[in-house]
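Student: One structure follows; several queries about it will come next.
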Amino acid sequence: MTLTNRYNQYQSPLSERYASKEMCCIFSDQYKFSTWRRLWIALAEAQQELELRAITSNQIDEMKRFQDTINFDAARAYEKKLRHDVMSHIHAYGEQCPKAKPIIHLGATSAYVQDNTDLIQMKEGLRIILAKLVNVVSALSNQAMKYKDLATLSFTHFQPAQPTTLGKRICLWIQDYILDVEEIEARIKGLRFHGVKGTTGTQASFMALFNNDTEKVKKLDELVTKKMGFDSYYPVTGQTYTRKIDSQIVFSLAGIAQSACKLSNDMRLLQHLKEVEEPFEEEQIGSSAMAYKRNPMRCERITAIARYVLCNSLNPAFTAASQWFERTLDDSANKRISIPETFLAIDGILNIVLNVASGLSVYPSVINRHLTDELPFMITENILMEAVNAGGDRQELHEKIRKHAMEASCKVKEQGNKNDLLERIAEDPSFSRIKSKLKEISDPIRLVGRAPQQVEEFKNQVIDPILKRYNNLIDKNSKPVLHV
């Protein structure tokens, strides 16, 4: 068996099937090592601006020419010999830039390129996630308004409860995603740069370079931070930025997994009830054996990947908790797996959520039938109040309704008959005074409280300000791409 064929090697489903090309790109080798080179260029430029005579413009120009032209084969060969990834890329870059070779990575430690690149990748990844969250909120908002008046059976403990509307139920999903939007906004805003800190975070090497000129070393930190697109840096670090940052970001992403899993589980239950279904394509096959089936495969996939994210979210937490003093390297192997995979997984989840939210199939007739089956039990108190207001005895009427309800329930459960409670009450002389009102009393829209108004208020007061703020992120034309 040949090992050169890609089909003979493990391929991650996250990059092959679920995550978008843009998210995969951010965590690719090309992006990573190009960013390392951008960081080396920014460091050299800042050092030159601060009059470090060892740095020349010719050297910087040479580095810029090869910023994105990574000689990966040379780097791999160096790493095999040196057993050090950063040094291997310094030597590979130096081969391409012989003039600049003496000043590449001057005064820096490995964490300068590794940690700052990680922060850049996470910031860019969070921006992609934020855009997709906004689009999910937008798609679900359209559905909520469309079905704000569609009365439906609600459930507590998955047992029939007081009616709501489908639009109001969708707002429950939106509320979770809005919390996620706010969380990701805060993470993007609060994310800082590692900066230029040296071997143990004391900046001792840079103090030596600049002859103990504290102001120049501080200015170096500021200049590089600005050049790399950050407003501020962490003022205190060890060799690395605190790994608690990774843990916080991954837990924020895990919050999106929670929201998505809640929506997907609700959808799976609704699809079982045949009330609401996820999109189903014309030639899609639901089962290899049972040709009639329309399995909720998209929502099941959301649930599956969300479960992975929730479990994976513990990795950065353990890493943050187990770092020793200024740093240990037991973060590296775990970090290079757990962080990118969380971003790719959440990206993939949101792709599917957007596909589902944009293409819901709703069946009002089925919804109404289920509501009608349970409604007679739910309106017994309303009937009782009307009958008492019409001059009846509350205690006597309560007992009659109780007996009718027990008999109707027995017929439904034991004989499979339809719920005939309303017919029983209509035929009972004790309720003759309100017989003409039974139809009005049993109108579902009278039983949903303020649900339609709550949807409108929620949209106007909460959803619309977010969509207005991020109007430039809403993709109004393209259909969500869903991989197999």
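None of the figures in this text is laboratory data; all of them are computed from the coordinates on show. Quick caveat: nothing in here was measured; it's all calculated off a predicted structure. Counting neighbours? That spans all protein chains shown, and the Cβs are built from the backbone with ideal geometry, glycine included.
Student: Taking N as the number of residues in the chain, what is its Cα Rg relative to 2.2 N^0.38 Å?
Tutor: 1.34
Student: For the chain, return all DSSP H helices satisfying: extent of Cα atoms along own axis at least 24 Å; mean Kyte-Doolittle hydropathy at least -0.5.
Tutor: 110-146, 166-190, 244-273, 332-358
Student: So if R0 is 56 Å, what FRET efficiency would Glu414 and Asn460 give, r being the distance between their Cβ atoms, rounded to the nearest 0.05?
Tutor: Efficiency, from the Cβ-Cβ distance: 0.70.
Student: If you don't mind, there's one more thing I want to ask. Listed highest first by mean packing, meaning other Cβ atoms within 10 Å per residue, what order do 269-277, 422-430 come in?
Tutor: 269-277, 422-430
Student: A further question on this structure: For a protection proxy built on the mean count of beta-carbon atoms within 10 angstrom, sort 372-384, 409-421, 252-264 highest first, please.
Tutor: By packing density, highest mean first, the sequence is 252-264, 372-384, 409-421.
Student: On to the next question. If R₀ is 45 angstrom, what is the calculated FRET efficiency for the pair Trp324 and Ser57, using the beta carbon separation as r and rounding to 0.05?
Tutor: Once the sixth-power term is evaluated, E becomes 0.60.
Student: Enumerate the lysines that Lys146 could reach by cross-link, defined here as Cα to Cα under 16 Å, with residues fewer than 8 away along the same chain left out.
Tutor: Straight-distance partners of Lys146: Lys168, Lys459.
Student: Separate question: Distances over 21 Å make up what percent of all Cα-Cα pairs in the stretch 170-310?
Tutor: Considering the stretch 170-310, 62 percent of its Cα-Cα pairs are separated by more than 21 Å.
Student: Using only alpha-carbon positions, what ratio does the radius of gyration of the stretch 1-112 give when scaled by 2.2 N^0.38 Å?
Tutor: 1.28
Student: Under 18 Å from a point 7 Å along the Cα-to-Cβ line of Thr242: which residues of the stretch 155-192 have their amide N that close?
Tutor: 186-192
Student: Along each of its three principal axes, how wide is the spread of alpha-carbon positions in the stretch 399-443, in whole angstrom units, largest first?
Tutor: The Cα atoms of the stretch 399-443 stretch 32, 23, 13 Å along their principal axes.
Student: Tell me which lysines have Cα within less than 22 Å of Lys244's Cα, excluding those fewer than 8 residues away on the same chain?
Tutor: Straight-line reach from Lys244, under 22 Å: Lys32, Lys123, Lys189, Lys197, Lys335.
Student: Cα convex hull of the stretch 394-470: mean projected area in nm², to one decimal?
Tutor: Approximately 8.4 nm², given one-decimal rounding.
Student: How much of the calculated P(r) for the stretch 325-484 lies past 18 Å, in percent of all Cα pairs?
Tutor: 75
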